[in-house]
Every structure is written in structure tokens, then in C-alpha cells.
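Student: One structure, pasted below without further comment.
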Amino acid sequence: MSWEIVIGLEIHVQLATKSKLFSGAKAGFGAAPNTQTTLVDLGMPGALPVFNQEALRMAVAFGTAIDAEVCKHSVFARKNYFYPDSPKGYQTSQMDHPIVGLGHLDIQLEDRSIKRIGVTRAHLEEDAGKSLHEDYDGMTGIDLNRSSTPLLEIVSEPDMRNAKEAVAYMRKMHAIVTTIGISDGNMAEGSMRCDANVSIRPKGQEKLGTRAELKNINSFKFIERAINVEVERQIDILEDGGKIVQETRLYDSDKNETRPMRSKEEANDYRYFPCPDLLPIEIDDAYIDAIRQSLPELPDQRSARFVSQLGLSEYDASVLSASRTLADYFEAVVLVCNDAKLSANWVTGELSKYMNQHNVEIDQVPVTAVHLGQLINRIMDDTINSKGAKAVFDELWNQAGEVDAIIEANGLKQVSDIGAIEAMVDDVIASSPKQVQQYADAEVEKRGKMLGFFMGQVMKASKGSANPGQVNGLLKKKLDLLC
Amino acid sequence: MTHKTLVQIAKDLAAGKYSSREITQDIIADIKARDAVYNSFISLSEDLALGQADAADARIKVGNADILTGVPFAHKDLFCTQGHTTTAASKMLANFVPPYESTVGQRLLSAGAVCVGKTNMDEFAMGSSNESSFFGAVKNPWDLNAVPGGSSGGSAAAVAAGLVPAATGTDTGGSIRQPASFCNLTGIKPTYGRVSRFGIIAYASSLDQAGPMCQTAEDAAIMLNAMAGFDEQDSTSVQQETPDFTAELNLPLHGLKVGLPKEFFGPGLNPQVAECIMAAVKEIEKLGAQIIDISLPNLELSIPAYYVIAPSEASSNLSRFDGVRYGYRCDKPENLMDLYCRTRAEGFGTEVKRRIMVGTYALSEGYYDAYYVKAQRIRRLIKDDFARALSQVDVIMGPVAPTPAFDLGSNTKDPVAMYLEDIYTLSANMAGIPAMSAPAGFVNGRPVGLHIMGNYFAEAKLLNIAHQYQQVTDWHLQTPTSNNVPVSNQEKGA
């Protein structure tokens, strides 16, 4: 049977406010346990929440950035459940009246077409603390530093049809939230994580299949893997005549499998009701418009500018604008070398290849944009050829250093001395009579291809440093004279 | 020292008749000597109080004193006091020492008032008789067989017995006004949002409001001046300038329009209480007021609606008492679920558990619309009733409770009978309007309070009326011992 995959994502974005959603405590990562807490975060008797207006501004900025409905009236609700790292016995969230309503996001698919993914809503909520099960000898430690840090939960429609689309959607969200500066987007530290609702159904069937919710996935790579392995699991079950159980599952990246989360025993009834300690949020058009006006250039706008201003292809432009840091990097390279096309080739080519091989994100690459720009300058002024440039890049990646010094130290400078190249060309022609004869016997149209052999020989003789353009021109001229 | 008003003590302190330290010591000694009978205090904060008294004396000496500087008072044990146990009259918090002071407490301390201790109350402010306290029932100083009312019963008994001149209370459904009525005190529940809730252990957040319980309207105005004010730590506190509540005390009542809702004088009302109230209304009419019959048609619905909304909020507010971070924790929990279940089963009393269950049920999936949402609609109707009535009249008067203080133990087996006690008080909390009780006579030796309700932020008007009434009556000056009937004799006679 042929199956259709249906995926919806709930993305949790930690907002980059200085203080927490409902208290003045610092909202940061990595402090000693329970040092970033106030009476409110500790759930002390009598403590009351005060809503952080900066979190409101950020949520509204997000709503305007994805062209969603920003709700002028929204309400905090309490989600009641007991857990040791939930100090009040409830999480303050939004239920019936979220701050951001319907919106959408366009993603680019592998075939370069554009697909629109619906965004159901985005709401503000406070994070819980952390339970630390290790290091306490059979006991559980509670760290409430994260308690009440602000989250924006962005819920998509079940519009994605494969794992790659889910990754593209997540990447695009990442680009937007980092571009508008509402989150650092640091997935390793949990600043952005997602739950994926995954189900399958026979192709052509209208009704959705039973879904599994994959919890707390915190890297792009894991989203893809987790969804794929979950889809396989579901297909296996259904094709064996079994049934999917609706449940939350955890992706184990070490074993590359999903498994049911420690069951919370019974179905939770969260008993949502409007939080009586907080007033409804009331905002007006002027407030929303002012925030809309102050938005920076968004990924789609940047992509359009890369096409219109820098002459990039639509594809390159969209790849390069997919992340704010990548786009910033690219523009920094262009600033040094002034050649957008070459810069785009290097960033989407060699640089991306290395990033994939070494599994690092753009903000961690060892080659600075300035160095890459200088390297491209040396290609453009014929100091090195592209092969030499790759060697320099490799050295920059692995050992750092300055571009010119590396070229010098490794003898990568391109030989453009016409006399020296001519001597090498003459040598190669003299030592390859058989190939010269074949060249001469060949039809004129086919000779171009046969030049490759001679090119390779000369480049080899020059240890790759000969200027390929000059070699090519000389070879053609001299061989044609022999014919 | 007993039964001196705040104003009298303030005058004495200013005149140097005694120091704050002296009166504080006297009061604490008096409480130690006499409170065993009433059980109105849960704890005394002697060391803290003496420190505050010394600081007050220093202020008085340098002429930097406020009217409350050096004046002793007591806090209902629902107000967090930094460094001193705050129990909410529950086993759950019997060992809880807050690391911070409530906003109201801080404001009183800044004014120089001296907190001598924490008064008894119904557990987590849930009750109308002060019989649900983990620390035992409180007895009404007017009649030791009677309840003092609740939930601020300890505050009421302490002031009525002359142990302290004033005390703080909280009022979620009548918890200041009903005990004030039962103990012959002047107590006011301000407009919702007038007084910060920060640092007051929450019962039902959308209804809770703190206020003073005193011997006179003037004292209540002085206390409210110190307690009220916008607090950025309480999002529901109102960002509005706080008036001087004493400023209008002496205005004449000419032309005042007083509404008497017919629903306040229905069949459930004790006829003798009705007589007291009508006599008081007459007195106010004599002062120049015009009496107008009005109707609050949805009054009766306030009981079922309140007993859905308040428990719903309480079920969530009390979730934090889980044995994890502070307060009671059961012995040797076997696992997390056992920790939760036994901590809460052992730490909460019966009435608290009942309300948590009711609230949890009302908020549950499938019942939420039928209960919580419907109750909120009724709340809106009640609010509209008051808006309509208060467009015709300046204030509304009636009884605070259908009966005078009832006997200890008489309602404890029937929670619904207890809930019906709140019929006249709940609606003011539902609407958020200010309301107060002022002494208006006695029925068989037990006090009766006149209920005065007004429009939003009309506290000064209410206090003005009570003060003017107190200029022509002396009910508020009566004390349990002033008619020379010793309390113990009353007990025998009853």
C-alpha cells in the first residue's frame, strides 16, 4: 500500500527577554541551580505574577512577521497539573484566546517549488523548571532557573507531507525568529525545540490517521530522523495489521528509535481556566503597527533583494537567506570580495560541504567571512586557481592562518608567467606524440574534449599552480598548429 | 489599655503618655494572659514587635511619626510576615516562615505600625465560623458559646476582646464583614484592586480583598489609608490615586440616597436582626438620607455561583502546597504520587479538601461550561444588578448576615447551612464593589452589623456614613465587659 505522511509541528521558542515572563528574575542559561529565581518562580504562597511587556512585544513581532492575525484581546489561562518542577501546580499559558491567530509560512521544497504551511496559532506561556534525576543518589533535584522563562509556542497545521518539509519549516521559523531578534535560536541549549505530530494514512484517504506526538526534538537533523523512523514504525504496524496508539513518544538519537514516554498514567485533564491573577492583554492597532514598522528585513525580503540587487538565482537567494547568520555571513563575504555570484558559490558549495562533513552550524565555522572574501579576491586576481583555493580553504578550516600566508607557504601561487607555461606545454606535447596524433585525426568538434588530457598533464607538471586559462589557450593554439 | 482606639493610642504616643515599647509589651502580656479563652491568636511575634516598637519610638522622638507610628495591631495569619510563621491556620503551613513581607504588611510597617502577632482564622480563609482552623476554633468574646464568624474570626475576636486596637482581615465572600458583624466591629472590604494582594496567601484570587477590622469607622479609615494603594507586584491592583479616607468622614449625609434591596429582607432573615437594621436605617434617615426601595433580582444566585467560582480558583491556587518546596510533607513518601496524595490528605483539613474537590470537579472537562462558565455569567448578572441599583442610589444597606453569631458547632455538620450564612455578603465580592459592616445593635447579647455597600472606589463615602452614624449611636462603643456582665457569667447564663 502507498502511504501519505501527515506532519504538524509545535515549535517552542524561548524568547530572548532579559527577565522572565512573570517575574524580574534573569532569564538565562547555565547559572547554578535555583540562583535565577524570585518568589514568583519558586511558587511561594502569596506571590503573584506580573506580565513582562517585552515578551508581548516579541510575540506581536512574530505575529506581524508571519502576517498572522495579532489578537487585540488575549487571555492567560492556567493549565493545572502536578509535577515537582512545576512549582505552582499549574503552568500559565494561553488557551482560548492566544496572542497570535491564523498565519502562514512559505517553505521551499527540494524541487525548488514553494509550499505554504498554515500556522494555526502562537501563544505565550511560561516554561517549567527542570527535574535532575542524576547525581542525587536516588533522589530528584529541582532546578527552577528555567521556571517562568517565556516561551512562544507556534502550532502549525498538519500541512507537511514528509520529514524534509518539516525541517524546511523549522529552518524557516528559525530564520524568522532569529532575524526579528526574539530568540537566540540556540537549539542545543533548548532555546528552540519542537514536538512533531506524525501520522500516516493510505494515499487518497481524507481522514487523518492516529498520530503519535514526538516530544522535545532539539536539532534539525533529529527532526528529520525522528520523523522518518517514526513513519517507518507506523507503516510496519499498519502493514502487519496492527493499530497506532495515540501517545507521546521520545526520540532516542543514540538508538535512532522512538519509544513511548514514561507514561503519565492516566489521560491528563488540565482544567484550563482564565488566570485570575493576570488581566487580559488588550492591545490596539497603533501598538501592533508600530511593531510591524520596526521589523527588520525578513528572510523572504532578503531573498528577494539578493535576486534583484545582487543578481543571485532564486535558488541561491533562498538558500542563503534561510538563516540570518548564514545570510549575514554571505553578505560579509560579498562586502570583502564584491562578487556576489562567487561568494554564493563558495558559501553554498565548499563552505556548506564542510559544514555538513563536520556537522557544524554557520555560527561555529572556523573560516571567517573576511578570510573567505580574501580567498575569493585571490581567485579573481588570478593569484590562485580554484584547485589552489580549495586547498587554502581546507587549511583555513583546519588550521586557521592568513590567506596570503597560506598561499605562500604551500606554493599555491598560480603560475601565470607565459614563458614558463609555454615551456611546460611544449614539453607535454613533445612527450605525447600518440595523443597528438589522435587529436589531429579527430574531427574538429571533438577536439575540445580531447584537450582535457593535455590540460591534466600540464596542470600535473605545474603541481596545479598553472593558470588553467592560459594553459588552455596555449595548448589549443599549439596543437591546432600541428594539425 | 484595653479597648483604646487607634486614634486614642496615637494621641497618647504623641503626648508621650507611654512609649510604643511599653504599650507593645502590655498588649503582648495581656494577650498571653487572656487569649487562652478566645484562642484568637495563632502566634505572637514578640521579638519582631519590640524591634518595630523601638524603631517607632525613635521616629516619634525625632518628630518623624505617622499617625500609626508605634501603634500595635495584629495580622490575620494569611498575610506573609518576613521571618515569622504564616500558617493560613493550616497544618500544611504550620512550619512555614515566609522570606518576605506582604505589600500590606510592608505598608503598615513603613507607617510605623507594630505587628504583635498573627490571628486565628478559618483554614485558608475557607469558612464562616472560624471552626475550620487547624489551631482550633475561636470563641466570640461577646458570648463564649458563639462563633466569632469567619474567616477572619481571630482578628475579630482579638479586637472585640480588646487585645489589640485593630487587625487586618481578608474578605473573599464576607470574611471581614460577617465576623465584624458578629463581634460588634467596624470592618471594610475595599473595592477589588484597591489593596494589593501580594503576599496574602490566595484563596480565590478574583474575589480576595484585604481590609481593616477596627472599633470605629475613623480607625478603619486610618488603617485603610496605610493599607491601600497601587502595587506593581499585583497585576490586579488598580492604578489609581488613593484618596485620604479620613477626609470625608465629617461630611453631612443630607441628600444621601440609600437603597434597601427587598431581597435583603426576605424570609431567611432573623426578624430581630431585621429590627436592628431598620432602626439603624431610620437613624441614618434622620441624618438627612432618603430611603429608597430597590431590587437586586439575582442575589440568590450569588451562593451557587460563588461556590463554583471560589472553589475553582482555590483548587488551582492551593496546588502549590505539594510537599516539595515548603510546608508540610508526609513521612517517608514511597514515590511521587504517594508524596502528593498523603501530603495533601494529611496537610489539609476537611473544608479545604471539600472545596478543592468541588473546584476540581467544576473545572473538569465536560463540566467546565455547565459550572464555571455559567457561574461567570451569573457573576456578570450580579454585577449588572449592582450597576443598575447604584445608578439610582448612592449606597445600599441591609443586614450583613441573616442571624447574629450562631452557636459553636451548630453548623459544622451541614456545610450548605454554613454557606447560606454568606447570602448577603457574597454579591459584593462577585461585583468587586466596596462594602462594610458597622455595629447596629444586639440580639440576645450578640451583636448585629449594618451592611453598607457602595459603588467602585466609594470607600470614603461608606466610611463617612458609618462615622456619621457612630456620632449619633454608641453601639460601636459597647464592649463585652462594658455592661459589667463578666464574660464568664454570660457563658453560664447562655
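The values are calculated or read from the model by the stated rules, or taken from the named source; none is laboratory data. Here the structure is a predicted model, which is why all the values come from computation and not from measurement. Don't worry about glycine lacking a Cβ; one is built from the backbone with ideal geometry, like all the others, and counts go over all protein chains shown.
Results for (1) basic (Lys, Arg); (2) at pLDDT below 95, shown as yes or no for each residue.
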site: A:327; (1), (2): no, yes
site: A:346; (1), (2): no, no
site: A:359; (1), (2): no, yes
site: A:365; (1), (2): no, yes
site: A:373; (1), (2): no, no
site: A:378; (1), (2): yes, yes
site: A:390; (1), (2): yes, yes
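Student: Let me spell it out: the conditions are (1) surrounded by fewer than 12 Cβ atoms within 10 Å (Cβ to Cβ); (2) at pLDDT 95 or above; (3) among the basic types (Lys, Arg), and residue A:255 meets all of them except one. Which number is the exception?
Tutor: Here residue A:255 meets the rest and fails (2).
Student: Please go through region B:382-415 and pick out each residue that is part of a helix (DSSP H, G or I) and either over 21 Å from the mean Cα position of the chain (by Cα) or under 14 Å from residue B:435 (Cα atoms) (or both).
Tutor: Taking region B:382-415 and keeping what is part of a helix (DSSP H, G or I), we get B:382-392, B:415.
Across region B:382-415, the qualifying residues are B:382, B:383, B:384, B:385, B:386, B:387, B:388, B:389, B:390, B:391, B:392.
Student: Scan region A:78-111 for residues that are hydrophobic (A, V, I, L, M, F, W, C) and under 23 Å from residue A:288 (Cα atoms) and report the count. Step through it out loud before you land on a result.
Tutor: Step one: filter region A:78-111 for residues hydrophobic (A, V, I, L, M, F, W, C), giving A:82, A:95, A:99-100, A:102, A:105, A:107, A:109.
Next, only the ones that are under 23 Å from residue A:288 (Cα atoms) stay: A:95, A:99-100, A:102, A:105.
Of the residues in that region, 5 qualify.
Student: Quick test for you: out of A:67, A:85, A:106, A:111, pick the one residue that is on the phi > 0 side of the Ramachandran plot and within 31 Å of the chain's Cα centre (by Cα).
Tutor: On the way: A:85 fails: on the phi > 0 side of the Ramachandran plot; A:106 fails: on the phi > 0 side of the Ramachandran plot; A:111 fails: on the phi > 0 side of the Ramachandran plot.
Being on the phi > 0 side of the Ramachandran plot and within 31 Å of the chain's Cα centre (by Cα) holds for just one of A:67, A:85, A:106, A:111, which is A:67.
Student: Further question on the same structure: Among (1) within 17 Å of residue A:144 (Cα to Cα); (2) more than 14 Å from chain B (Cβ to nearest Cβ); (3) surrounded by 20 or more Cβ atoms within 10 Å (Cβ to Cβ); (4) not small (Gly, Ala, Ser), which single condition is residue A:94 missing?
Tutor: (1)
Student: Out of region B:122-139, which residues are closer than 17 Å to residue B:446 by Cα and either assigned to a helix (DSSP H, G or I) or more than 15 Å from the chain's Cα centre (by Cα) (or both)?
Tutor: B:139
Student: Can you tell me how many residues in region A:209-249 are of a type in the set (S, T, N, Q), part of a strand (DSSP E or B) and either within 30 Å of residue A:358 (Cβ to Cβ) or touching a residue at least 60 places away in the same chain (Cβ under 8 Å) (or both)?
Tutor: Result for region A:209-249: 1.
Student: For residue A:288, are the conditions met, namely being among the β-branched types (Val, Ile, Thr), at pLDDT 95 or above and closer than 23 Å to residue A:105 by Cα?
Tutor: It is true that residue A:288 is among the β-branched types (Val, Ile, Thr), at pLDDT 95 or above and closer than 23 Å to residue A:105 by Cα.
Student: Pick out, from region A:374-481, the helices (runs of 4 or more DSSP H) lying fully within it that include 3 or more residues that are within 24 Å of residue A:353 (Cα to Cα) and free of Cβ contacts under 8 Å to residues at least 60 places away in the same chain.
Tutor: A:386-399, A:403-409
Student: Counting only residues that are over 20 Å from residue A:173 (Cβ atoms) and of a type outside the set (Asp, Glu), which one in region A:1-20 is modelled with the lowest pLDDT?
Tutor: A:1
Student: Related question: If you check every pair at least six apart or on different chains, which have Cβ atoms under 6 Å apart with a residue in region A:269-281 that is without any contact (Cβ under 8 Å) to a residue 24 or more places away in the chain and at the interface with chain B (Cβ under 7 Å from one of its Cβ atoms) first and a residue that is assigned to a loop (DSSP other than H, G, I, E, B) and among the charged types (D, E, K, R) second?
Tutor: Pairs that qualify, where the first residue is without any contact (Cβ under 8 Å) to a residue 24 or more places away in the chain and at the interface with chain B (Cβ under 7 Å from one of its Cβ atoms) and the partner is assigned to a loop (DSSP other than H, G, I, E, B) and among the charged types (D, E, K, R), are A:269/B:365.
Student: Of everything in region A:62-84, what is at the interface with another protein chain (Cβ under 9 Å from one of its Cβ atoms) and buried (at least 24 other Cβ atoms within 10 Å of the Cβ)? Give them in sequence order. If you could, list the steps in order and put the result at the bottom.
Tutor: Keep residues of region A:62-84 that are at the interface with another protein chain (Cβ under 9 Å from one of its Cβ atoms), which gives A:78, A:80-84.
Listed by number, the list holds a single entry, A:78.
Student: For residues that are crowded, with 22+ Cβ neighbours inside 10 Å and within 14 Å of another protein chain (Cβ to nearest Cβ), scanning just region A:26-41, find the one that is farthest from residue B:78 (Cα to Cα).
Tutor: Filtering first and then ranking leaves A:37.
Student: Then there is this: Condition first: within 21 Å of residue A:129 (Cα to Cα), crowded, with 19+ Cβ neighbours inside 10 Å and under 31 Å from the mean Cα position of the chain (by Cα). Now tell me which residues in region B:319-350 satisfy that.
Tutor: B:319, B:320, B:321, B:322, B:323, B:324, B:326, B:327
Student: Which one of the conditions (1) within 23 Å of residue B:421 (Cα to Cα); (2) more than 11 Å from chain A (Cβ to nearest Cβ); (3) assigned to a helix (DSSP H, G or I); (4) not small (Gly, Ala, Ser) does residue B:338 fail to meet, given that it meets all the rest?
Tutor: Among (1) within 23 Å of residue B:421 (Cα to Cα); (2) more than 11 Å from chain A (Cβ to nearest Cβ); (3) assigned to a helix (DSSP H, G or I); (4) not small (Gly, Ala, Ser), the lone unmet condition for residue B:338 is (1).
Student: Is it the case, given these coordinates, that residue A:62 is among the hydrophobic types (A, V, I, L, M, F, W, C) and touching a residue at least 40 places away in the same chain (Cβ under 8 Å)?
Tutor: Values: among the hydrophobic types (A, V, I, L, M, F, W, C): yes; touching a residue at least 40 places away in the same chain (Cβ under 8 Å): yes.
Considered against the rule, which asks whether it is among the hydrophobic types (A, V, I, L, M, F, W, C) and touching a residue at least 40 places away in the same chain (Cβ under 8 Å), residue A:62 comes out as yes.
Student: Related question: Of the numbered conditions (1) outside any strand (DSSP E or B); (2) crowded, with 24+ Cβ neighbours inside 10 Å, residue B:117 fails exactly one; give the number of that condition.
Tutor: Against the list (1) outside any strand (DSSP E or B); (2) crowded, with 24+ Cβ neighbours inside 10 Å, residue B:117 comes up short only on (1).
Student: If you check residue A:51 against the conditions, is it closer than 22 Å to residue A:287 by Cα and assigned to a loop (DSSP other than H, G, I, E, B)?
Tutor: In short, yes.
Student: Looking at A:87, A:45, can you tell me which residue is buried (at least 21 other Cβ atoms within 10 Å of the Cβ), within 13 Å of another protein chain (Cβ to nearest Cβ) and free of Cβ contacts under 8 Å to residues at least 60 places away in the same chain? First the steps, then the outcome.
Tutor: Details: A:87 fails: free of Cβ contacts under 8 Å to residues at least 60 places away in the same chain.
Being buried (at least 21 other Cβ atoms within 10 Å of the Cβ), within 13 Å of another protein chain (Cβ to nearest Cβ) and free of Cβ contacts under 8 Å to residues at least 60 places away in the same chain holds for just one of A:87, A:45, which is A:45.
Student: Among the residues of region B:209-265, write down those that are touching a strand residue (DSSP E or B) at 6+ places or on another chain (Cβ under 8 Å) and at positive phi.
Tutor: B:255 - this is the single residue of region B:209-265 that is touching a strand residue (DSSP E or B) at 6+ places or on another chain (Cβ under 8 Å) and at positive phi.
Student: Ok, one more. Find all pairs meeting these conditions: Cβ atoms under 7 angstrom apart; at least six residues apart or on different chains; first residue within region B:301-319 and more than 11 Å from every other protein chain (Cβ to nearest Cβ); second residue outside any helix (DSSP H, G or I).
Tutor: B:303/B:422; B:303/B:423; B:306/B:173
Yes or no, residue by residue, for (1) of a type outside the set (Lys, Arg); (2) over 24 Å from residue A:91 (Cα atoms); (3) not assigned by TED's automatic domain parsing to the domain that holds residue A:197:
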{"residue": "A:141", "(1), (2), (3)": "yes, no, no"}
{"residue": "A:147", "(1), (2), (3)": "yes, no, no"}
{"residue": "A:161", "(1), (2), (3)": "no, yes, no"}
{"residue": "A:166", "(1), (2), (3)": "yes, yes, no"}
{"residue": "A:172", "(1), (2), (3)": "no, yes, no"}
{"residue": "A:182", "(1), (2), (3)": "yes, no, no"}
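Student: Looking at residue A:339, is it farther than 20 Å from residue A:108 by Cα, charged (D, E, K, R), under 12 Å from the mean Cα position of the chain (by Cα) and not assigned by TED's automatic domain parsing to the domain that holds residue A:183?
Tutor: no
Student: I'm trying to understand the selection: among the residues of region A:9-25, which are within 14 Å of chain B (Cβ to nearest Cβ) and surrounded by fewer than 19 Cβ atoms within 10 Å (Cβ to Cβ)?
Tutor: Passing the criteria: only A:24.
Student: While we're here: Identify, please: which residue in region B:180-197 is within 14 Å of residue B:433 (Cα to Cα) and basic (Lys, Arg) and is, among those, surrounded by the fewest Cβ atoms within 10 Å (Cβ to Cβ)?
Tutor: Only one residue fits best here, namely B:194.
Student: Output yes when any residue across region B:363-371 is within 13 Å of another protein chain (Cβ to nearest Cβ), part of a helix (DSSP H, G or I) and without any contact (Cβ under 8 Å) to a residue 60 or more places away in the chain, and no when none is.
Tutor: Yes, region B:363-371 contains at least one residue that is within 13 Å of another protein chain (Cβ to nearest Cβ), part of a helix (DSSP H, G or I) and without any contact (Cβ under 8 Å) to a residue 60 or more places away in the chain.
Student: Of the residues that sit in region B:198-243 and are of a type in the set (D, E, K, R) and without any contact (Cβ under 8 Å) to a residue 24 or more places away in the chain, which one is farthest from the other protein chains (Cβ to nearest Cβ)?
Tutor: Checked region B:198-243; the qualifying residue farthest from the other protein chains (Cβ to nearest Cβ) is B:241.
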